[in-house]
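One structure is given here, and the rest of the page talks about it.
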Amino acid sequence: MASKVLRAVVLGPPGSGKGTVCERIARSFGLQHLSSGQFLRESLRGGGEVGVLAKQYLERGLLVPDHVITRVMMTELEKRRAEHWLLDGFPRTLGQAEALDKICELDLVISLHIPFETLKDRLSARWIHPASGRVYNMEFNPPHVHGIDDVTGEPLVQREDDKPEAVTARLRKYKDAAKPVIELYKSRGILHSFSGTETNKIWPYVYALLSNKIPPLRSEEEH
């Protein structure tokens, strides 16, 4: 079982704890955690053609369109054909899922379902360090010094779309785009959904699911 390369995706709305779940899976099972946000930031810093394209959208406060983020992700995935990996933040739309189909076959899709009110509260309390993408939550993961990044000492910012008035529209937009993606993976029999308000309570079920696919490197108790 371990000889087969495992390809997995974690889906979930903004604020669902996707990043935390992905980091735990990566540590426990040795999968590479591939974050679309991280690759996008790297392409912006690199200043190549795709980075320049993405910057034009981000500077105007627009979502980076499918064809741009797909190019970023396909380039990165092509480099990792022989590795176990876990995608975070991609695919977000049916078009992105179809592009992914052309280069690989997924083994497992984990979908996180978190109540709307919980997501709203989490996002409204979220502040980030723009350069690194480090995320803080003022309620359960605050910085050591209020408003300051723990590592660099630089100021944190609240993204426009994390402000309370923008959150509802953002979550609705995610739901509309994600619905056909979820239906696609459900129809293939590879979708596994987990519901709850706390990552720590969802995690044991995710761990058990992955343990049936690939031997863990470390036990669940180590978290």
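In deg cm²/dmol, rounded to 500, what helix-only [θ] at 222 nm does the chain give when every DSSP H run of at least 4 residues adds -39500 (n - 2.57) and the total is split over its residues?
-14000 deg cm²/dmol
Among DSSP beta bridges lying fully in the chain, give the percent that are antiparallel, nearest 5.
Here the antiparallel bridges make up roughly 30 percent for the chain.
Express the Stokes-Einstein translational diffusion coefficient of segment 96-194 in µm² s⁻¹, to the nearest whole number, given a Kirkwood radius over alpha-carbon pairs, 20 °C and a viscosity of 1.002 mPa s.
This corresponds to a translational diffusion coefficient of 135 µm²/s.
Length gain on complete extension for the stretch Glu160 to Lys79, per 0.36 nm per residue less the alpha carbon to alpha carbon distance?
25.8 nm
I'd like the Kirkwood hydrodynamic radius of the chain, using the inverse of the mean 1/r over distinct C-alpha pairs, in Å.
18.4 Å
So which trypsin sites (Lys or Arg not before Pro) in segment 22-65 are both in a DSSP loop and have at most 12 other Cβ atoms within 10 Å of their Cβ?
Filter output for segment 22-65: Arg60.
Calculate the tail of P(r) for segment 51-128: the fraction of all Cα-Cα distances greater than 18 Å, expressed in %.
Of all Cα-Cα pairs in segment 51-128, 56 percent lie more than 18 Å apart.
Report the trypsin sites (Lys or Arg not before Pro) located in segment 81-113 that are in a DSSP loop and have at most 14 other Cβ atoms inside 10 Å of their Cβ, or state none.
Arg81, Lys102
For segment 130-147, what does the Karplus curve 6.51 cos²θ - 1.76 cosθ + 1.60, with θ = phi - 60°, yield as ³J(HN,Hα) per residue in whole Hz, taken in order and with x for Gly and Pro?
x, 5, 9, x, 4, 10, 10, 10, 5, 8, 10, 8, x, x, 4, 10, 3, x
For the chain, what is the accessible area per residue in Å², given a 1.4 Å probe and the full set of protein chains?
Counting only protein heavy atoms, the per-residue value for the chain is 53 Å².
Would you please name the GluC sites (Glu not before Pro) within segment 146-223 that are DSSP coil residues with at most 16 other C-beta atoms within 10 Å of their C-beta?
Counting only loop positions with at most 16 other Cβ atoms within 10 Å, the GluC sites (Glu not before Pro) in segment 146-223 are Glu198.
With θ set to phi - 60°, apply the Karplus curve 6.51 cos²θ - 1.76 cosθ + 1.60 along segment 32-47 and write out the HN-Hα couplings as whole Hz, x wherever there is a Gly or Pro.
Whole-Hz 3J(HN,Hα) from phi for segment 32-47: 6, 8, 9, 9, 4, x, 5, 5, 5, 4, 5, 5, 5, 5, x, x.
Around Ile148, which amide H atoms from residues at least 5 apart in sequence, or from another chain, sit under 5 Å from its own amide H, with H modelled in the peptide plane?
Result for Ile148 returns Leu156.
Per-residue HN-Hα couplings for segment 178-183, Karplus 6.51 cos²θ - 1.76 cosθ + 1.60 at θ = phi - 60°, whole Hz, x for Gly and Pro?
So the J values, rounded to whole Hz, are 7, 3, x, 5, 4, 4.
Return the single residue from Gly46, Gly12, Gly89 with maximal mean-square fluctuation; model: Gaussian network over the chain, springs between Cα atoms under 10 Å.
Fluctuation is largest for Gly46.
If you look for lysine pairs in the chain that are eight or more places apart or on different chains, how many of them have Cα atoms under 20 Å apart?
So the count of such lysine pairs works out to 22.
The values are calculated or read from the model by the stated rules, or taken from the named source; none is laboratory data. This is a predicted model, so every value here is computed, not measured. Every residue, glycine as well, gets a Cβ built from its backbone with ideal geometry; the counts of neighbours run over all protein chains shown. Side chains included, ligands, DNA and RNA excluded: accessible areas come from the protein's heavy atoms. Shrake-Rupley method; radii C 1.70, N 1.55, O 1.52, S 1.80 Å.
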